[in-house]
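Asker: Can you keep this structure in mind? I'll have questions shortly.
The values are calculated or read from the model by the stated rules, or taken from the named source; none is laboratory data. From a predicted model like this one, the values you see are computed outputs, not experimental measurements. Methodologically, a virtual Cβ is constructed for each residue, glycine included, from the backbone with ideal geometry; neighbour enumeration extends over all protein chains shown. Note: areas computed on protein heavy atoms with side chains; ligands, DNA, RNA excluded. Shrake-Rupley method; radii C 1.70, N 1.55, O 1.52, S 1.80 Å.
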Amino acid sequence: AAIQKSEYIEAHYIVDSMLTEDQQSLDDEDKYLLTFYSALIYSMEENYDEAENILRSALQMSHEGYQAELMLVNFLSLKDETRDEALDLVNSVIERHSDDIECLKARANVYYYRKEYDCAIRDLLDILDINPQDIDILRMLGNAYNCNGDFESGLKIYSQLYEIDKARDKIWSEYTYSLIASGRTVDAHKVLNATEEIHGNELDFYYISGEL
């Protein structure tokens with residue numbers, strides 16, 4: 001509850017106090033989670049270098065969880081020079097948590113940044129076998145298909161998403177882009193017309209209209 005923009009100092013104080021004053025009562029897993037929370041606060045402050053350093057220290061602790069590893073994977077995947085490290089790290093986590101959706105999602109994200117779209121698609125499809133209605137995963141899959149040049153498969157996914165919730169954040173625009181990429185500009189016009197009342201005041205609406 002303390003982690004609000006205006007309350008970072010309080011959040012740091014709470015976590016640091018627990019780590020320093022309650023050492024005797026904390027087990028290894030508690031220390032690991034508190035260290036992860038400390039990194040999370042620094043990340044929310046956009047102090048990513050300090051967050052990364054703290055996450056690396058958490059990896060040296062004895063623990064069963066994987067929160068720090070996955071957060072570090074996300075950081076590492078953003079930089080060209082550390083994407084190999086990100087893939088090695090997430091694979092080591094998956095060895096311990098092979099069926100965990102969050103771990104598979106993190107690896108799919110790494111593959112996406114490495115432009116290994118076939119591998120990303122494989123992991124995303126595995127997740128959808130477990131949870132076929134996960135909208136975030138469906139969006140990642142549609143985007144991965146499009147980036148891989150498989151616009152028809154991307155369009156199929158975005159058509160499914162559009163039917164689930166056409167007003168959801170940006171789904172209408174992603175669907176329209178998929179239609180344009182597939183050469184179906186007439187259908188793209190229909191989507192824009194159908195969603196004009198919902199999104200007509202957004203910049204994306206005018207931009208896509210100009211594209212058509």
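Asker: Between residue 82 and residue 163, what is the label-to-label distance in nm when each label sits 7 Å out along the Cα-to-Cβ direction?
Answerer: Simple spin-label model gives 4.2 nm for this pair.
Asker: Can you work out the base-10 log of I(q)/I(0) for segment 54-183 at q = 0.10 1/Å, using the Debye formula on its C-alpha atoms alone?
Answerer: Per q value, in the given order, log10 I(q)/I(0) is -0.35.
Asker: Here's a follow-up. Which whole-Hz ³J(HN,Hα) couplings does segment 69-84 yield from phi under the Karplus relation 6.51 cos²θ - 1.76 cosθ + 1.60, θ = phi - 60°, glycine and proline marked x?
Answerer: After applying 6.51 cos²θ - 1.76 cosθ + 1.60, I find 4, 5, 5, 5, 4, 4, 5, 5, 5, 7, 10, 3, 6, 10, 6, 5 Hz.
Asker: Past the 23 Å Cα-Cα mark, which pairs from 79/170; 170/190; 115/190; 105/170; 79/156; 105/190?
Answerer: In this structure, 79/170; 115/190; 79/156; 105/190 exceed 23 Å between Cα atoms.
Asker: Rounded to the nearest 0.05, what FRET efficiency is calculated for residue 27 and residue 148 with R0 set to 41 Å and r the Cβ-Cβ distance?
Answerer: In this case the efficiency is close to 0.35.
Asker: What does the accessible area of residue 174 come to, in Å² to the nearest 10, when a probe of 1.4 Å is used?
Answerer: 50
Asker: Calculate the tail of P(r) for segment 1-102: the fraction of all Cα-Cα distances greater than 23 Å, expressed in %.
Answerer: Considering segment 1-102, 29 percent of its Cα-Cα pairs are separated by more than 23 Å.
Asker: How much FRET efficiency would the formula 1/(1 + (r/R0)^6) give for residue 59 and residue 130, where r is the Cβ-Cβ distance and R0 is 22 Å, rounded to 0.05?
Answerer: Plugging the Cβ-Cβ distance into 1/(1 + (r/R0)^6) gives 0.25.
Asker: I would also like to ask the following. Where in segment 43-62 does the amide nitrogen come within less than 13 Å of the point 7 Å from the Cα of residue 19, taken along Cα to Cβ?
Answerer: Only 43, 50-61 pass the distance filter.
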